[in-house]
1. In segment 15-29, which residues are part of a loop (DSSP other than H, G, I, E, B) and at pLDDT 95 or above?
2. So which residues in segment 61-95 are under 30 Å from His30 (Cα atoms) and in a helix (DSSP H, G or I), if there are any at all?
3. Which ones in segment 67-93 are in contact (Cβ under 8 Å) with a residue 60 or more places away in the chain and β-branched (Val, Ile, Thr)?
4. How about segment 96-107: which of its residues are among the aromatic types (Phe, Trp, Tyr) and either in a loop (DSSP other than H, G, I, E, B) or without any contact (Cβ under 8 Å) to a residue 60 or more places away in the chain (or both)?
5. Hey, among Glu76, Glu68, which residue is of a type in the set (Asp, Glu) and within 18 Å of Phe37 (Cα to Cα)?
6. Give me a count of the residues in segment 50-92 that are surrounded by 18 or more Cβ atoms within 10 Å (Cβ to Cβ) and charged (D, E, K, R).
7. Can you find, within segment 4-14, the residue that is surrounded by the most Cβ atoms within 10 Å (Cβ to Cβ) among those that are of a type outside the set (Asp, Glu) and in a strand (DSSP E or B)?
8. Taking segment 30-47, which residues are loosely packed, with under 13 Cβ neighbours inside 10 Å and either part of a helix (DSSP H, G or I) or touching a Cys at 6+ places or on another chain (Cβ under 9 Å) (or both)?
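The values are calculated or read from the model by the stated rules, or taken from the named source; none is laboratory data. All of these numbers come straight from a predicted model, not from anything done at the bench. We place every Cβ from the backbone using ideal geometry, glycine too, and count neighbours over all the protein chains shown.
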Amino acid sequence: MSGIFDGRFTAQLDKPVVMFVIGLRVNRLHDLGRWTFVAAAMPKMLKELQAMPGSGLISVTSYLRWRELLTIQYWESFEKLLTYAHDKEGEHFPAWAEFNRRVGFDGKVGIWHETYLVEPGKFECVYGNMPRYGLARAGNHVRAEGRLAGAKSRMAG
């Protein structure tokens with residue numbers, strides 16, 4: 001299998017990264033006009049970000065589950081995330097304005113996000129027989145051996 005790393009791996013970070021988790025939940029399936037444009041906005045934003053090397057986006061993984069769309073993003077800094085969010089020329093700003101105009105907070109479509117600062121030595125992760133994934137895509141992908149073999153020592157940095 002291409003891209004699979006046999007064995008146990010973990011991530012190491014040399015500097016902090018920002019983990020941004022953003023999602024959409026369709027609360028009323030029958031109201032297609034309210035949620036389809038919202039669902040279509042994220043791929044446009046991600047395409048734009050991936051075409052802009054200085055944007056600060058390090059990696060992204062997206063998921064679809066029944067009524068929910070979820071994207072986990074890793075950013076170089078909170079400042080770069082905010083810069084993109086407030087860029088009036090980019091895809092995000094007009095999409096947010098359109099969401100407020102067409103949907104607002106009528107309960108038909110739910111949106112949410114969470115932002116975390118992940119600092120070196122203050123996280124723990126392990127990947128077994130996986131491709132490079134999660135924090136290992138945002139930082140260094142290293143074998144979970146020696147002092148990195150156990151969760152407690154990985155958390156201790």
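1. Correct list: Lys15, Pro16.
2. Across segment 61-95, the qualifying residues are Ala85, His92, Phe93, Pro94, Ala95.
3. Scanning segment 67-93 gives a single hit, Ile72.
4. Matches in segment 96-107: Trp96, Phe105.
5. Glu68
6. Result for segment 50-92: 1.
7. Here the residue is Ala11.
8. The answer is Leu32, Gly33, Thr36, Ala40, Lys47.
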